[in-house]
Ligand code: G1P
């Protein structure tokens, strides 16, 4: 099994980040030096992905523009000898082969992924959610692809979350296969009290087989009246093997203000250009209390 294609749903409204998201896609918000979405694309590329479909909606064409060349600006930067800035502007367009499609109707994550059918064809493919930035030694998607290849299975990225947090995510029923890898045999989106199978929640990364598209096409709306990807995967795991990988790495949910701030601070602290300043600033503030 070779996984060369990835799908990134980026059609959410960004309601937790209003008002800026009424005119700026949340995926393009500046986070410690680059847009949120670029971190996700770099993880995909570092995991061996070559072709990337980004699923957008009305008002998000700035995303297509970002992954394009910008000859006017590049010319100016070249003439003024700004090599670093020139590379920053030019290089994102060359990270992968980019494709774009619009979801057109806000009918949920499963519906958005269903739009990828023509792009995916008959190959296994990855899904990376546009809000979730992962920091890991081995890219999280690569960890999933390795397990998917080993077991000839689809794969879910999972981690244990608290009982309280489960109701914001999904819960997977797991049977151990090896350290950190489980067979997934059932799952539920946004479990209510007493409905969870385990504390393992799906967190933003998937490797799926194309038989998921037939399931999505016949799926009824689930939680929140939306076509849920988790509901499609619940059926997929009954038809074909599926593993859940308790991945090594840290997840930042940049779709909410606190998660965004956490990622900004963490990445800025590690950056040699901003880290020393941030450390001194935080020390000074702590001293003022
Ligand atoms: C989505 C998925 C959910 C998953 C979560 C975190 O939910 O539907 O299964 O646990 O992302 O990756 P959302 O955050 O869109 O409500």
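Key figures for this structure:
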{"quantity": "Qualifying residue in segment 248-269 (condition: assigned to a helix (DSSP H, G or I), closer than 25 Å to residue 5 by Cβ and more than 16 Å from the ligand (Cβ to nearest atom))", "calculated": "no"}
{"quantity": "Sole exception among (1) assigned to a helix (DSSP H, G or I); (2) more than 16 Å from the ligand (Cβ to nearest atom) for residue 273, by number", "calculated": "(1)"}
{"quantity": "Hey, residue 63 under 13 Å from the mean Cα position of the chain (by Cα), crowded, with 19+ Cβ neighbours inside 10 Å and under 24 Å from residue 206 (Cα atoms) or not", "calculated": "no"}
{"quantity": "Scope segment 8-34; condition surrounded by 21 or more Cβ atoms within 10 Å (Cβ to Cβ) and under 15 Å from residue 67 (Cα atoms); matching residues", "calculated": "8, 10, 25, 27"}
{"quantity": "Selection count where residues are assigned to a strand (DSSP E or B), surrounded by fewer than 16 Cβ atoms within 10 Å (Cβ to Cβ) and away from the ligand (no atom under 14 Å from the Cβ), scope segment 178-216", "calculated": "2"}
{"quantity": "Some residue of segment 113-125 being out of contact with any strand residue (DSSP E or B) (no Cβ under 7 Å at 6 or more places or on another chain), within 16 Å of the ligand (Cβ to nearest atom) and closer than 21 Å to residue 12 by Cβ", "calculated": "yes"}
{"quantity": "Single residue of 219, 236 found to be modelled with pLDDT of 95 or more, within 16 Å of the ligand (Cβ to nearest atom) and either within 30 Å of residue 31 (Cα to Cα) or in contact with a strand residue (DSSP E or B) (Cβ under 9 Å, 6 or more places away or on another chain) (or both)", "calculated": "236"}
{"quantity": "Only one of 6, 44 that is modelled with pLDDT of 95 or more, assigned to a strand (DSSP E or B) and touching a helix residue (DSSP H, G or I) at 6+ places or on another chain (Cβ under 8 Å)", "calculated": "6"}
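The values are calculated or read from the model by the stated rules, or taken from the named source; none is laboratory data. Every value quoted in this text rests on a predicted model; they were computed, and no experiment measured them. Because the Cβ atoms are built from the backbone with ideal geometry, glycine has one as well, and the counts that use them run over all protein chains shown.
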